[in-house]
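What follows is calculated from the coordinates using simple rules that are stated; it is not laboratory data. Note that this is a predicted model, so its numbers are computed, not measured. Cβ: placed from backbone, ideal geometry, glycine included. Neighbour counts: every protein chain shown.
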Amino acid sequence: MKLPLSLKLKLATKNTLRIIGTKPPYTLLAVTAAFLMLTVIIWSLNYQLVGYILTNPDMSPWQKLRFFSYGYEALFTSFDSLLSVSVISLAFLFGVNIAVLVYALRRKTASARATGTSGLAATLGILSSGCAACGTSLLGPLLATFGATSLTAVHNIGAAFSLLGSALLLYSIYKITLQTSTTA
């Protein structure tokens with residue numbers, strides 16, 4: 001029997017909340033994966049700066065911690081930017097997706113398609129990260145090759161990539177949790 005889409009969405013939402021909300025190991029996994037994805041998005045293109053800060057003997061551990069915490073602070077305090085909101089939502093959904101994916105893999109109900117969608121979404125998130133103005137975005141040089149020279153255009157395209165990644169993650173979560181509900 002084929003279920004209507006509205007019922008499938010309710011079922012997927014219910015299963016996601018059941019997995020993440022009532023099983024502490026999966027909640028912790030979701031939070032940890034979201035934080036790690038956010039860390040990758042924020043710092044992946046500044047790895048030389050990260051290395052310099054970590055090995056700088058003139059900075060105290062407190063100064064180093066403050067430096068890194070500022071990267072997260074800046075992202076969470078600039079909600080006026082579509083890119084910030086899209087990156088945060090992508091990281092959050094990535095964490096939820098990893099948790100439901102691990103849950104499904106442990107129950108042997110995850111499909112290869114849903115797993116592949118998760119990887120594609122993460123790749124889009126990393127591609128869209130960074131600052132086009134300071135040259136730490138992978139999209140900047142890539143889009144300049146195709147004629148996009150406006151920083152505003154690159155910034156908006158970066159946000160669009162993050163939103164596309166978020167949509168793919170939502171689809172992946174939907175498919176995975178539907179698969180787990182048929183075997184639960």
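Here are the numbers:
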read-out	value
Extension gain, Ala74 back to Ser44 (0.36 nm per residue minus Cα-Cα distance, nm)	9.2 nm
Order of Lys14, Lys8 under a 10 Å beta carbon neighbour criterion, fewest first	Lys14, Lys8
Anchor Lys8: lysines whose Cα lies under 16 Å away (excluding residues fewer than 8 positions away in-chain)	Lys175
Cβ-based exposure ranking for Val87, Val100, Val40, in which fewest neighbours within 10 Å come first	Val40, Val87, Val100
HN-Hα J in Hz across the range 163-173 - Karplus 6.51, -1.76, 1.60, θ = phi - 60°, x for Gly and Pro	5, 5, x, 5, 5, 5, 5, 4, 4, 4, 4
Per-residue ³J(HN,Hα) for the range 12-19, Karplus 6.51 cos²θ - 1.76 cosθ + 1.60, θ = phi - 60°, Hz, x for Gly and Pro	5, 5, 4, 5, 4, 5, 5, 5
Residues Trp62, Trp43, sorted so that the one with the fewest Cβ neighbours within 10 Å comes first	Trp62, Trp43
Residues Lys23 and Ser60, FRET efficiency given R0 of 45 Å [Cβ-Cβ distance, rounded to 0.05]	0.70
